[in-house]
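Below is one structure; the comments refer to it alone.
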Amino acid sequence: EGYLKIRKPFNSSTQYTIAGTYTETVIATDVDIYIQNGGTTTAAISNISVKESTKNNLARVDYDGSVSSLLVEPERTNLITYSEDFSSSYLNRTGSSVVGGNTSPDGTDNAYKLVEDTSTGEHKIEQGVTIVSGQGYTFSVIAKEGERSWIQLRSNQTVGNTYFNLSNGTIGTDSSTSSSIELIGNGWYRCTVSGVSGSTANTTFMYLADADGSNSYTGDGTSGLYIWGAQLEDGSYPTSYIPTDGGTVTRVKDQYSKTGISNLIGQTEGVIFLDFELQTTNLDMVMMNIYNEATPSNSMYFYLTASNILYAYCDNSGTQVAISDLVVLAQGRYKAAFSYKANDFKFYLNGGLIGVDISGTVPTCSGFRLENYFATPTYQEKTQVNHAQLYKTALSPTQLIALTTI
């Protein structure tokens, strides 16, 4: 007899003794990983890929296929303990089975096909999760059509119950608080439902459907669709995918800052500029600021209130300049510029002059932060940042209009 052994870190290994096709994922530390065959084993390796799973102090980038943007997100936890391994015994399957070895959006063969059986009724996969009553949650799954093009997502205590058409990226019957469908690429869509929990005992469901609003029917035993990347998170909107394999995983919040750059910041005049896309509202946060490292409250910054009003602020030892026209921002893209100079402050937004202030002094600044509230960040929410720039001199009105025009 023979065997195939995959040696892992910490002197552990996986050994296969039955003929078949296997996929193995190994997280490396600082020790070797090797594959060993023994006895009369005949084996072939079809694919090996090496990916960097984590990298500290490296900015995360959101790339849509043509434009890259800095990704700034809050701390979130994926409460689904098996986000990719839908064959796990911790998940319940009713009227269905799963078949592995399908190519997922990350390029590896770790996606599953959810296949209906021949019974009459529901064809689904589910997992129970403990949550907090009264809080907002978001349930999302990345799916691709097969013989079936409709998938229903339901989270029974988070007001999520929505049908998604994977053939054209549209939403059908929908009773969730909010929902969305986003094309990931190669036919894969991220389907999302959000709502407020009504209990602590929650179950997330993925149903096959033979039409919009129809999740109970007689299956043919072969039809199905592809699923990958399930996520349930505490929040009213989805954040980027957090993989899990046997337990919950928490991604820490993003913080970006740079100190010791006083020579790059205009100390008597300049402009701070931010091109961003607001993807949720009611945030109450400082979005970008330059500040004094010794006295962080001495700063200039953009501040978005919980009422969705954007301000341009200058604070020098408690003396403030605050400019806003009290326009409520909706979700969408904005370009904001705050030009500062002693007794000459201007705030432009999307090509228009918001307001001016002709009284105020400029603080000495030596540090820069993005999505960070002075020295101790309080609020951190999802905002797509396209550009953040500093100018060492104040710009003219014509230049400010051109800079902020969408």
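For segment 66-76, the condition of being within 16 Å of the chain's Cα centre (by Cα), among the small types (Gly, Ala, Ser) and loosely packed, with under 15 Cβ neighbours inside 10 Å holds for at least one residue.
Candidates 107, 128, 101: the one that is closer than 16 Å to residue 206 by Cα and surrounded by fewer than 18 Cβ atoms within 10 Å (Cβ to Cβ) is 128.
Among the residues of segment 388-405, those identified as in a strand (DSSP E or B) and more than 15 Å from residue 278 (Cβ to Cβ) are 389, 390, 391. Scanning segment 249-269 for residues being surrounded by fewer than 15 Cβ atoms within 10 Å (Cβ to Cβ) and farther than 30 Å from residue 345 by Cα gives a total of 2. The residues of segment 194-219 that are out of contact with any His (no Cβ under 7 Å at 6 or more places or on another chain), more than 17 Å from residue 128 (Cβ to Cβ) and of a type in the set (A, V, I, L, M, F, W, C), listed by number, are 196, 209, 211. Assess whether residue 79 counts as being within 20 Å of the chain's Cα centre (by Cα), crowded, with 21+ Cβ neighbours inside 10 Å and not basic (Lys, Arg). Here the answer is yes, as residue 79 does meet what is asked.
Every condition in (1) closer than 25 Å to residue 320 by Cα; (2) under 19 Å from the mean Cα position of the chain (by Cα); (3) exposed (fewer than 15 other Cβ atoms within 10 Å of the Cβ) is met by residue 245 except one, and the failing one is (1). Which strands (runs of 3 or more DSSP E) does segment 291-365 wholly contain that include 1 or more residues that are of a type in the set (Asp, Glu) and surrounded by 13 or more Cβ atoms within 10 Å (Cβ to Cβ)? Hits in segment 291-365: 310-316, 352-357.
Scanning segment 201-222 for residues that are hydrophobic (A, V, I, L, M, F, W, C) and open to solvent by 30 Å² or more (accessible area, probe 1.4 Å) returns 201, 211. Strands (runs of 3 or more DSSP E) fully within segment 122-228 that include at least 2 residues being under 21 Å from the mean Cα position of the chain (by Cα) and farther than 28 Å from residue 247 by Cβ: 170-174, 178-185.
The values are calculated or read from the model by the stated rules, or taken from the named source; none is laboratory data. Since we're looking at a predicted model, the values are computed, not measured. In this analysis, Cβ positions are derived from the backbone assuming ideal geometry, glycine residues included, and neighbour counts consider all displayed protein chains. For accessibility, only protein heavy atoms count, side chains too; no ligands or nucleic acids. Shrake-Rupley method; radii C 1.70, N 1.55, O 1.52, S 1.80 Å.
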